[in-house]
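Let me begin by presenting the structure, written as structure tokens, before commenting on it.
FYI, it's all coordinate maths here, none of it is from the lab. Keep in mind it's a predicted model, so treat the numbers as computed, not measured. Glycine also receives a Cβ, built like all others from the backbone with ideal geometry; neighbour counts cover every protein chain displayed.
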């Protein structure tokens, strides 16, 4: 099987705040056909949600006109657990594409807005039929998107304490997420952004160890990295070479915020490097 070359790059992602604020205000449903239902969801009023959902003219997947979000997404972001479950029972679509550029879904919003590794929303969506391999295709060439829920989880699984939530990744894999999923890079044929890309880009050594050592994912001979290492020359590096650069030294330091220690990151990185040597991979 031909190895896939992976492009590693410096990238920035933004996530909406997990509050009833910009992008996820219930007030965005004012003057829409489901304003009454929106108010019931905001209040976690299960009985009213059931009543409104039974009305034939109600479109439970109606998108508010400002940000193109559904009530299911708002229930997730604003942590309306009872309303969230009731919407799913009323057949709210867990695989609907959201946002003005259709670049998210209820599942990816649940992954991005999880709080301290609380997997309630993620697991409930999966139980109600959310597709762990739902492809979110970028609308324009050159637009970088996570593409798949698993890739989102690789870079959006940080808890408030600063630790990783590997359980979110494991949960998606348990429900059938393809660990070999990747986003082809339009500008560079043969390059693909997969779990290695997102784990390295977010320096998520715990997740990287899980894929490399536990899941034994196929490692390409060459990882093509741009950004932090020789951006202009675009030189080629193996995974081992990348992990041995200063970007992945994980040295402890102290600043005005206190002591920062990276014991687990170093441990996971060293286990990956040893595994690669032991198995003759690069």
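A few remarks follow.
- Listed peptides 124-131, 61-68 by packing density, highest first (mean Cβ within 10 Å): 124-131, 61-68
- Ordered by the count of other Cβ atoms within 10 Å of each Cβ, fewest first, 209, 266 give 266, 209.
- Spatial offset of the stretch 47-116 relative to the stretch 242-282 amounts to 39 Å, using the alpha carbon center of each.
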